[in-house]
Amino acid sequence: MESIVTKDAVVHFNSKVYEKLNDYIETTNPSKIFILVDSNTHEYCLSSFMAELNNGDIKVEVMEIPDGEDHKTIDICSGVWEALSQYYADRKSLLINLGGGVVTDLGGFVASTYMRGISYINVPTSLLAMVDASVGGKTGVDLGTLKNIVGVISEGEMVLIDPSFLATLPQNHMVSGYAEMLKHGLIRDKDYWNTLTHLEDLDISHLNQLIYDSVVIKNKVVTEDPTEKGLRKILNFGHTLGHAIESYFLGNADKEPLLHGEAIAIGMILEAYISTKVCGLSLEEFESIKTGILKTFSKVEITNRDQEVIIDLLKYDKKNSHGTVKFVLLETIGQPKIDCLVDNELIFEAFKYYNTYLNISSS
């Protein structure tokens, strides 16, 4: 399994990761090394990572943030910036982000803006971060419950993927990352989609290759369109409604928050349904998408009132322009179409189908 060259960095896998990390430290000789963790990765991942780190005489400081999407905020960034300043981080310092998508997104943003930019390395410890959040250069934080509204596109020095960290993950977090892998198949590779939706034919030994294949798919897209002028928009399939659903459930005290992948799974079913009406996605392929996703993801109740608020949240989607909500839809599996216009009536129809098919009350 080889390393993958991205636009400005390299993704290393498995046995190569610590060799490449220590070579980088020896070659660049950073003034200080800072490791950003959350409370979970501090407990479950930091000690094994430190055992592999060869920092020589370079001082290492560990900074911890609370875990969870609700802490992916500017206030937390301010705390990290202040900690960097208090520990005399300079422009030759290195920040290593050891954690899931919240840590890599927030840490990358902190590094990209502290002293107008210091070097950073992502070490993703969740499946979601390995196949999505840590690759592609998107960094940033949420604004209230609005996902990833503040941020910059900035590649770190490298991404180090060590699948052994996945042994520390709860099952629901593994499932959350799996949603992004399914998305990569739907937008780019039907064979990959078919493999992922027949996991009963695989075992744990196949996981490393599936992660690698997912990163290859994403990297090809972001390398061709790093700043999301066109092609990179296809990575947002399922995310227009998915992010709105995630934001709504995160900000509603009466709802159990959804993990990112859980919300995106719903978004992909809804947007696949819309695709049958707008882009001619066949009913056969829609059935494949729906059943493939529901093999793993549970149904979620989304009432009529919920739907109204979720649709209102669409106005904050980052793909919008000139006040128009733009969707990524599917013509076929592996062939997406960007900048699709969808009226609210059709969105409500998709929700109605979702609720009816899953026998969920929509009152």
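For this structure, a couple of remarks:
- Among the residues making up the stretch 315-324, a single one is more than 21 Å from the chain's Cα centre (by Cα) and either open to solvent by less than 40 Å² (accessible area, probe 1.4 Å) or at pLDDT 95 or above (or both): 321.
- Residue tally, condition surrounded by 18 or more Cβ atoms within 10 Å (Cβ to Cβ) and without any contact (Cβ under 8 Å) to a residue 60 or more places away in the chain, over the stretch 155-190: 4
- Scanning the stretch 85-107 for residues that are open to solvent by less than 10 Å² (accessible area, probe 1.4 Å) and closer than 14 Å to residue 121 by Cα yields 93, 94, 95, 96, 97, 98, 99, 103, 104, 106, 107.
- Checking each residue in the stretch 1-47 for being part of a helix (DSSP H, G or I), free of Cβ contacts under 8 Å to residues at least 60 places away in the same chain, open to solvent by less than 70 Å² (accessible area, probe 1.4 Å) and of a type in the set (Ser, Thr, Tyr) picks out only 39.
Every residue, every condition in (1) small (Gly, Ala, Ser); (2) over 12 Å from the mean Cα position of the chain (by Cα); (3) at pLDDT 95 or above, yes or no:
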site	(1), (2), (3)
132	no, no, no
136	yes, no, no
153	no, yes, no
160	no, yes, yes
183	no, no, yes
200	no, yes, no
207	no, yes, no
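- When the stretch 224-238 is filtered for residues that are open to solvent by 10 Å² or more (accessible area, probe 1.4 Å) and not hydrophobic (A, V, I, L, M, F, W, C), the ones remaining, listed by number, are 224, 225, 226, 227, 228, 229, 230, 233, 236.
- Meets criteria (of a type in the set (Phe, Trp, Tyr), more than 29 Å from residue 171 (Cα to Cα) and open to solvent by 20 Å² or more (accessible area, probe 1.4 Å)) for residue 348: yes
- From the list 306, 312, the lone residue that is open to solvent by less than 10 Å² (accessible area, probe 1.4 Å) and over 22 Å from the mean Cα position of the chain (by Cα) is 306.
- Residue count, the stretch 51-84 (criterion: in contact (Cβ under 8 Å) with a residue 12 or more places away in the chain, in a helix (DSSP H, G or I), farther than 28 Å from residue 259 by Cβ and open to solvent by 40 Å² or more (accessible area, probe 1.4 Å)): 1
- Members of the stretch 269-299 that are in a loop (DSSP other than H, G, I, E, B) and either over 23 Å from the mean Cα position of the chain (by Cα) or touching a residue at least 60 places away in the same chain (Cβ under 8 Å) (or both): 279, 280, 281, 282, 295, 296, 297, 299
- Search result, residues across the stretch 191-210 that are hydrophobic (A, V, I, L, M, F, W, C), open to solvent by 10 Å² or more (accessible area, probe 1.4 Å) and part of a helix (DSSP H, G or I): 199, 204, 207, 210
The values are calculated or read from the model by the stated rules, or taken from the named source; none is laboratory data. All values derive from a computational prediction rather than experimental measurement. Neighbour counts run over all protein chains shown; Cβ positions are idealised from the backbone, glycine included. Heads up: the accessible areas ignore ligands, DNA and RNA and are worked out on the full protein's heavy atoms, side chains in. Shrake-Rupley method; radii C 1.70, N 1.55, O 1.52, S 1.80 Å.
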